[in-house]
Amino acid sequence: MSRSVRTSKWILLFAVVALFAGAWNFFERWNQADLFATFPVYQRGDTWILAGQCARDTGVLLAGCSDKKNLVPFEDLSTADDPGHALILGILGKYSRAPIDKVTLVKINFAINALGTLLIAGLLWYGDRKIAACLFMLWAAGVVFLNFLCSDVTGAFWGIFGLALALPLWLAIHSAKQSSNLVLWTGIAVGTLLIGIATVLREPIGLIGSLSALLALVPMMRGRWASCKPATKLLYGACVLIMTVLPSEATSGLVWMRKAAFGVEPGKLMHRHGFSHNLYLGLGAKDNPWGIVWDDGNAESAVKRANPKVAYVSEEYYSILWRLYLDKVAHYPITVISIYVLKTIDILQMTMPRQPTIGISVLLLLLIPCLRLIPRFSKFFSFADEALPMIGILAFAGLLILGQGVLTIPYYNYIFPVAIVIALIAGLFLDRLSVSLMMPASDVPENRPRWKAGKQKQKSSSIASRGSR
């Protein structure tokens, strides 16, 4: 039996163990959903349940109601909230007999997290990063189904982030992988749909997926599409650009479809996230001279002082908060920067599950690329070169997650998706190192020297030189 065959069998066994561990923890926690439903969370879950019950009673999705004649648009019930969970509960209420309660919300979060985990692991396996896929599954089995389980959307951040990463990872894989254009563009279409779903569930995470997909155009242009004509490259790039922008309008599309299907007019309040609200309140996450605190009522009071007639979370409301925020940035830049620096320090000191602090993790992950740049060590740390496009895109997504915490509030549950990035990058480094060590010397590419290969070549050359003498 050849070495490569034995290695493949061990990796396959590793994959089976990882899947079994993930399934075991999933079903064990699934049966405890009623316990996690009792954890204290935001009140928005009550609005989702109201919308789900309305769908069961009237057949109308994304609305609240007392009867069929008094339908209230979801966006007027749950101010500036993402409609994803309300939509899922509504579909369950309309087409199944599942109970519409917080236990069902917990199980929805379980399902989203499981889907996101399997999706990322599957993409790594498809991209010939099999060891990284197994390591990620094993790590996820001990983290995702053991932490942050609740009925709020924060309990699904893991899975939502996984959905958002599908398209960027697909593009990174195909920047070097040979496949038909049909496979490539089918995957891009599916990835766009997944980012749209992530946007409906949590708009900021969906936006991170779209921005990461745009960055993935760089390795595509330098790899798979490098030999294409300029006009063809421009066309491909424009198509990907359009498909990454489309998901940002997913929530607006749902409002339009609701009107077309059920005749419910758009609400008077915002039906999507208003970023200025959190940016303004983010200045209150630390001590500041303006009396801002992280509390929705504080932002509402500031808007009322500027214009008492403005409705809460209306478009004018967010416009005023933009002006107030930018005014602070323009006139007090040093104070604003100091607030952001303090929040950055807080984030770097956070400890993720089964990982060191974020700061230490970042330093360790930067060590290999930094050593790769030093000529003396470059050949010894070139094993990860093939994974650099994927690593770069993941690092960019992780920075956006951390930036979200810096600009708003370093809330642990909001920062948690960065743990996925750290685990994936570490797994990719280990994957490439393992493959490099297990690869026969004759198969090592000239542009990717390896320790064993170098020693064997030196040994053979010394024998040849002795023979010539």
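Extending 7 Å from Cα along the Cβ direction at residue 211 and again at residue 287 yields two label points whose distance is 3.1 nm. Taking the empirical scaling 2.2 N^0.38 Å for compact globular proteins as reference, region 368-428 has a Cα radius of gyration ratio of 1.36. Can you tell me the 0 to 90 degree angle between the C-alpha axis of helix 230-245 and the longest principal axis of the chain, rounded to 10? On a 0 to 90 degree scale, this one is about 40. Dipole orientation for the chain: of the candidates 427, 293, 394, 427 has the Cα lying most toward the positive pole (charges on Cβ; Lys, Arg +1; Asp, Glu -1).
Pairs of Cα atoms nearer than 8 Å and 6+ residues apart set the relative contact order; for the chain it is 15 percent. Among residues other than residue 41 with Cβ under 14 Å from its Cβ, the summed charge is -2 (Lys and Arg +1, Asp and Glu -1).
Multiplying the residue separation of residue 360 and residue 233 by 0.36 nm and subtracting their alpha-carbon distance yields 41.7 nm.
Electrostatic tally near residue 201: other residues with Cβ closer than 14 Å to its Cβ, Lys and Arg +1, Asp and Glu -1, net -1.
Peptides 429-435, 263-269, 120-126, 415-421 ordered by packing proxy, namely the average of other Cβ atoms within 10 Å per residue, highest first: 415-421, 120-126, 429-435, 263-269. Here the label points at residue 20 and residue 334, each 7 Å from Cα along the C-beta direction, are separated by 6.3 nm in the simple model. Specify the angular offset, from 0 to 90 degrees and rounded to the nearest 10, of the alpha carbon long axis of helix 157-174 from the longest principal axis of the alpha carbons in the chain. Approximately 40 degrees, to the nearest ten.
Seen against the Cα atoms of the chain and their longest principal axis, helix 451-468 is set at about 10 degrees. Between residue 257 and residue 377, what FRET efficiency follows from the Cβ-Cβ distance if R0 is 60 Å, with the result rounded to 0.05? It comes out at approximately 0.60.
Using a/c under 1.5 as the rounded threshold, could you call region 204-299 rounded, prolate or oblate? The axes a ≥ b ≥ c are square roots of the C-alpha gyration tensor eigenvalues, and prolate needs a/b larger than b/c, oblate otherwise. Cα axes put region 204-299 in the oblate bin. About its Cα centre, the dipole of the chain is roughly 2480 debye, where the only charges are +1 on Lys and Arg Cβ and -1 on Asp and Glu Cβ. Label-to-label distance, residue 111 versus residue 294, with points set 7 angstrom from Cα along the beta-carbon direction: 3.2 nm. Applying the criteria of a DSSP loop state and at most 14 other Cβ atoms within 10 Å to the trypsin sites (Lys or Arg not before Pro) of region 202-246 yields no site.
Read-outs throughout are calculated quantities, based only on the coordinates presented, and are distinct from any laboratory measurement. Just so it is clear, the structure is predicted and the values come from calculations on it, not from any experiment. Glycine also receives a Cβ, built like all others from the backbone with ideal geometry; neighbour counts cover every protein chain displayed.
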